[in-house]
Amino acid sequence: MARPRLLTSDDWPESELRAAVLAGELVAVGPCWASPAEPQTPSLRAEAAAWVLRDPRLIAGTRTAAWIWGATSRPPAPLEACIPPQIRVHVEADVRLREVIIGDDDVVRLGRLRVTTPARTAVDLLRSPGTSAGTIGTAEASAVHGLLEIGAVTTDEVVTRLSALGTIPMVRQAERRLRALHEPAQRL
């Protein structure tokens, strides 16, 4: 019988899982736990996110997708997902859900979870509302920077994707945000 890659509070009481973390026997993988020897791959993180995003119509997006791709060290709380506008689902309080127009080429399947591609993830993060006019949130900026740093997507790919969007809301601001992410690095 194959040993599961992930353990959840469905398998053991959460207090025992957390005690195993303190003992060095397990590490947290989002809302789940795994052996420290288990490689932290996108498929493992997608499997952990799928434990919360149980409805197969949900698509992991924005900061959750960035975490799955390895661009950030921790998932957001709550996890972030998206669905096409014509679909109606019920989600628990530990999921932030957005309706978006999304094509099949913007999504990949990792195990049982659908995840936005790195390019779509970066575009969505750059277009997300900031804390004040014209700014991008720190967590979103860090996630985009992470996607670029690990090579999941290139700046040229993001620029091309943004240009292809035409005049939909937040595209020009997203382009300015992308340039602003590169300006501090160029001064070093």
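The values are calculated or read from the model by the stated rules, or taken from the named source; none is laboratory data. This structure is a prediction, so every number in the text was calculated from the model and none was measured. Quick reminder, even Gly has a Cβ in these numbers, built from the backbone with ideal geometry, and neighbours come from all protein chains shown. The area values use the complete protein model at the heavy-atom level, side chains included, leaving out ligands, DNA and RNA. Shrake-Rupley method; radii C 1.70, N 1.55, O 1.52, S 1.80 Å.
Figures for the structure shown
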| item | result |
| --- | --- |
| Ile101 - accessible surface, heavy atoms, 1.4 Å probe, Å² rounded to 10 | 140 |
| J(HN,Hα) series, segment 16-32, from Karplus relation 6.51 cos²θ - 1.76 cosθ + 1.60, nearest Hz, glycine and proline x | 6, 5, 5, 5, 5, 5, 4, 7, x, 8, 9, 10, 6, 10, x, x, 10 |
| FRET efficiency estimate (nearest 0.05) - Cβ-Cβ, Ala164 to Asp10, R0 25 angstrom | 0.05 |
| Long-range amide H partners of Gly70 with built H, under 5 Å | none |
| Per residue value of the accessible surface for the chain (all protein chains in place, 1.4 Å probe), Å² | 55 |
| Point-charge dipole on Cβ atoms (K/R +1, D/E -1) for segment 80-164, about Cα centre, debye to 20 | 220 |
| Candidates Val100, Val158, Val171: whichever shows maximal mean-square fluctuation once the chain is modelled as a Gaussian network with Cα springs under 10 Å | Val100 |
| For Val29, residues with placed amide H under 5 Å, excluding near neighbours | Ala34 |
| 5 angstrom amide H check on Val107, placed H, neighbours 5+ away | Thr117 |
| Of Ala46, Ala71, Ala152, the one that fluctuates the most in a GNM where the chain has Cα springs shorter than 10 Å | Ala152 |
| Stretch gain in nm, segment Leu22-Ile101, where the contour uses 0.36 nm per residue and the Cα spacing is subtracted | 24.2 nm |
| Karplus-derived 3J(HN,Hα), 6.51/-1.76/1.60, for each residue of segment 170-176, Hz, glycine and proline x | 6, 5, 5, 5, 4, 5, 5 |
| Per-residue ³J(HN,Hα) for segment 155-169, Karplus 6.51 cos²θ - 1.76 cosθ + 1.60, θ = phi - 60°, Hz, x for Gly and Pro | 4, 4, 4, 5, 4, 4, 5, 5, 4, 5, 6, x, 10, 5, x |
| Accessible area, probe 1.4 Å, largest first, for residues Arg88, Arg161 | Arg88, Arg161 |
| Net lengthening on full extension, Arg88/Arg54 (0.36 nm per residue, minus Cα-Cα) | 10.8 nm |
